[in-house]
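The values are calculated or read from the model by the stated rules, or taken from the named source; none is laboratory data. All values derive from a computational prediction rather than experimental measurement. Positions of Cβ are generated from backbone atoms using ideal geometry, with glycine treated the same way; all protein chains shown enter the neighbour counts.
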Amino acid sequence: MKVIASLVLFTICSTTISAELLTNTGFESNMTGWTVSSSNGSVASSTTANSGSKSTKFETTDYSSPYSAYIYASQSVAYDNSTEYTFSIYARDNWSNGGQPMANAVTLRIEYYNASSTLLRADQQLFSLPKDYLWHQYTFTSTQIPAGTAIVKPVFGTTQDSQWQKSVLFDDASLTGVVPIVQEPHTGDLNGDLFVNFSDYSQFANGWQISTDEVDLYDIADNWLAEYCEPLAIVSTLQTVQQYSPVFFDINSVSAFSNPYNPDDISIDIIFHSPDNSQITLPCFYVSGNSSASKWQGRFTPQQTGQYSYQAKVYVNGVYEGYSPISSLTVTESSGNGFIHKNPDSYYFWKYDSGKAFRGIGENVAWDTRSYNNQMYPYEYMLPMLGNQGCNFVRIWLCEWNMPLEWDTLGRYTASASQRLDAVFALAEQNGISLLLTLNTYSEFKSIKNIWGTGDDWVRNPYNVTKGGPCATAASFFSNATAKNFYKKKLRYFIARWGYHTNLGVIEFFNEVDHLYADGDASVPAADIVSWHDEMSTYLKSIDPFKHLVTTSFSYKWMPDLWNVSNLDFTQTHPYGTTDNTYSTITSFENNFSKPYVMEEFGYSWESAGTSSNHYLFRRELHMGMWRGMFSPTPVLPMVWWWENLAYYNDWDVFAATANFSNQITADSDGFLTSLAVNAGTGMEAMGVQTIGRMYVWLRNKTSSTISSATLTISGVQNGTYEVAYYNTWLGTYSSPSTITVTGGVLSAPIPSLTADGDMAFRIVKTGI
């Protein structure tokens, strides 16, 4: 081994999650163990519980402005040397009458005191509470514990900051900490820093400098390393893991670097040998520390069952420098589904690793609540609400104003944005939602304001030469070799940190990239945009061990050459206005480019979210667009924009009724679905799909008057008996099924009376010969 002085060593992860630190967490003993403070409020026990038989009820009753009633409950626990604490609680409204969520209805706070009971610091987060009579979990993590902490006091409660009283139920509180494991001194830890690393080796090697035989010195050093090196290892509880479940690898390194985010400077990979003998390279990412002692992490989700072997390797300045001993990981079968991939057999669905079909339904929630927007619609409100309606797919941007991963400094990644994205992934997973993440939007490369007075972001873009970047113009971003190299490094970091998430459904390079060549000031040659996407998608596919779906998007003026890039898995545009042409738009793209199409944005208008006087038009187009998409060959139903406005008007019922029927089709079909020709007579818009033994039909009255006594006719069906159920597409309810017998290959079913522009659906199931 010729590069002893540069060898990197690894140590085992040294933290664990504490046991529950609170008592009476479910309030089964009322408020025993809790200290309550209040102003104009009352506390009582309730039999409406998230779990167990009781919860606690907080009611504020302040009738005089300024409104300042509050109720807080706390417990004091001894500091246990944790490096961070996570405090969570379940809450639900108790006086629900629908309408907007209650702002600041849930307060979570962690206070730190020294031994003299002097407050050192208080960390707090406020949450909105939906008025839906449902339990919602709220979680808050506090890090960087103040020096001198002796007492930790978690506090929860509610405040009244308007004329409206609040009545909130709380249940199942929890406080846990991340506690360092005190490691016993290691025989090879010569300098007493609890790590066996190059510093110890140097101390050891100094005693052998009198040797004139360099080969002997290397042999002695190798023996010492073999005896005392602690191997790369996962936490012991995860030496066996279920298929499609994540496992983390904590790595300690003593290799020198200047910028740990620059893989040309330093990079660490874990090499896996899979049960089928294939090799997987997992990029790892920097967590903390300096060039003399740094911590890295690898995040892996195994897709095969059986025995994996793995070994970490480090490269400095592009040169291989060292490795860890080989270790093993056992993966057992699970009921999970894994990652979402292309489906070679159908444009109606994508397919999980497990083979199960996936069809997306959801909307854009492109950014979190901003300071000048309505504060009631953060991801903590929107994602649970969508999940509760049966939705499973959401589009989110990473941009200057929303989790900007690389905006302050080129080549350095923003910790706060990364931590927020970690939390959003966890929140989405809790609510059964897969994410389409958009890495860039066109406005980041524009210098002229849009119709909303924003969008001139190039002046602040870190790729701009005036901000220290390599690009003299926005257009050169797509051709400048240095800029492309920086972007690839960001892609590597993205995969290393978040690629393991099975609910990372799609990686999208750009939102509406056509604005950079079709209009405005950027004037990027179309050929450069195509070439850039070809290069970046090829690179991304080469470093992504989980093979996520990859795409980009256009607004209205697409480039055929771009959609012919083989590593862009599906096409996307953003058609606004009427959704009458949904089916023809979808099939036209698919016929032209031989890959699926997704209507990634749509809505009644692209210019504004509308007003109370015309919101019914937005609501109608939301409904029609999703139902037309459901009966079109697309793996994701059309995704509406204007999410805050739809939430404000409580249009959740539109999502719920649509998702109920769409998810039924997915469950029934098991990934096999084809179009079905149906006839409902003059004046009816009619669409149909079918799978083995089942047919589904959507009808809309296109006329301006009620249609009565119409008949649905489907030819070419097998003879036998069929159960027909009508579905109310607005209420989400089925009628009692009726039985129809087919003897001549033609099914005829009466259509209930449909008012002008009214619509309905059928579910038809073959029940007998």
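Report, by residue number, each residue of the stretch 326-353 that is of a type in the set (Gly, Ala, Ser) and either over 18 Å from residue 504 (Cβ atoms) or free of Cβ contacts under 8 Å to residues at least 40 places away in the same chain (or both).
Step one: of the stretch 326-353, the residues of a type in the set (Gly, Ala, Ser) are 327-328, 334-336, 338, 346.
Scanning the stretch 326-353 gives 327, 328, 334, 335, 346.
Any residue in the stretch 408-424 that is crowded, with 21+ Cβ neighbours inside 10 Å and in contact with a Ser or Thr (Cβ under 9 Å, 6 or more places away or on another chain)?
no
Could we say that residue 390 is over 21 Å from residue 103 (Cβ atoms), assigned to a loop (DSSP other than H, G, I, E, B), over 17 Å from the mean Cα position of the chain (by Cα) and not polar (S, T, N, Q) here? I'd like the intermediate steps shown before the answer.
Details: over 21 Å from residue 103 (Cβ atoms): yes; assigned to a loop (DSSP other than H, G, I, E, B): yes; over 17 Å from the mean Cα position of the chain (by Cα): no; not polar (S, T, N, Q): yes.
In short, no.
Could you please give the count of residues in the stretch 290-308 that are surrounded by fewer than 18 Cβ atoms within 10 Å (Cβ to Cβ) and modelled with pLDDT under 90?
The total comes to 5.
Tell me, please, whether a residue that is assigned by TED's automatic domain parsing to the domain that holds residue 161, of a type in the set (Lys, Arg) and closer than 20 Å to residue 177 by Cβ can be found in the stretch 118-129.
So the first thing to find is which residues in the stretch 118-129 are assigned by TED's automatic domain parsing to the domain that holds residue 161, and the list is 118-129.
Okay, now just the ones that are also of a type in the set (Lys, Arg), so 121.
The next check asks that each one be closer than 20 Å to residue 177 by Cβ; those that pass are 121.
Yes: the stretch 118-129 contains one or more residues that are assigned by TED's automatic domain parsing to the domain that holds residue 161, of a type in the set (Lys, Arg) and closer than 20 Å to residue 177 by Cβ.
Against the conditions (1) farther than 15 Å from residue 697 by Cα; (2) loosely packed, with under 15 Cβ neighbours inside 10 Å, where does residue 720 fall short? Just the number, please.
(2)
Provide a single number: the residues in the stretch 456-482 that are within 17 Å of residue 510 (Cβ to Cβ) and part of a helix (DSSP H, G or I).
5
Among the listed residues 68, 42, 37, which satisfies the condition of being assigned to a strand (DSSP E or B), closer than 17 Å to residue 156 by Cα and touching an Asp or Glu at 6+ places or on another chain (Cβ under 7 Å)? Can you show your working first?
Working: 68 fails: assigned to a strand (DSSP E or B); 37 fails: touching an Asp or Glu at 6+ places or on another chain (Cβ under 7 Å).
The conditions single out 42.
Given the criteria over 24 Å from residue 42 (Cβ atoms), crowded, with 17+ Cβ neighbours inside 10 Å, of a type in the set (S, T, N, Q) and at pLDDT below 90, does residue 82 qualify? Walk me through it before giving the result.
Working: over 24 Å from residue 42 (Cβ atoms): yes; crowded, with 17+ Cβ neighbours inside 10 Å: yes; of a type in the set (S, T, N, Q): yes; at pLDDT below 90: yes.
Here the answer is yes, as residue 82 does meet what is asked.
Residues in the stretch 114-121: is at least one within 25 Å of residue 386 (Cα to Cα), in a strand (DSSP E or B), in contact with a Pro (Cβ under 8 Å, 6 or more places away or on another chain) and in contact (Cβ under 8 Å) with a residue 12 or more places away in the chain? First the steps, then the outcome.
Filtering the stretch 114-121 for residues within 25 Å of residue 386 (Cα to Cα) gives none.
Looking through the stretch 114-121, none of the residues is within 25 Å of residue 386 (Cα to Cα), in a strand (DSSP E or B), in contact with a Pro (Cβ under 8 Å, 6 or more places away or on another chain) and in contact (Cβ under 8 Å) with a residue 12 or more places away in the chain.
What residue, of 708, 715, is of a type outside the set (Asp, Glu), farther than 30 Å from residue 389 by Cβ, surrounded by fewer than 13 Cβ atoms within 10 Å (Cβ to Cβ) and in contact with a Ser or Thr (Cβ under 7 Å, 6 or more places away or on another chain)?
Working: 715 fails: in contact with a Ser or Thr (Cβ under 7 Å, 6 or more places away or on another chain).
Criteria check complete, one pass: 708.
Name the residue, out of 40, 50, that is modelled with pLDDT under 90 and either closer than 20 Å to residue 126 by Cα or not hydroxyl-bearing (Ser, Thr, Tyr) (or both). Before you say what the answer is, go through the steps one by one.
Values: 50 fails: modelled with pLDDT under 90.
The unique qualifying residue is 40.
Under the condition of being under 23 Å from the mean Cα position of the chain (by Cα) and surrounded by 21 or more Cβ atoms within 10 Å (Cβ to Cβ), which residue from the stretch 550-568 is farthest from residue 342 (Cα to Cα)? Walk me through it before giving the result.
The first filter runs over the stretch 550-568 and keeps only residues under 23 Å from the mean Cα position of the chain (by Cα), leaving 550-554, 567-568.
From the residues that got through so far, the ones that are surrounded by 21 or more Cβ atoms within 10 Å (Cβ to Cβ) too are 550-554, 568.
Details: 550: 10, 551: 12, 552: 16, 553: 17, 554: 20, 568: 11 Å.
Only one residue fits best here, namely 554.
Need a quick list: helices (runs of 4 or more DSSP H) entirely within the stretch 615-720 having at least 2 residues that are in contact with a helix residue (DSSP H, G or I) (Cβ under 6 Å, 6 or more places away or on another chain). Steps first, please.
Details: elements: 615-630, 643-648, 652-669.
Helices (runs of 4 or more DSSP H) meeting the threshold: 615-630, 652-669.
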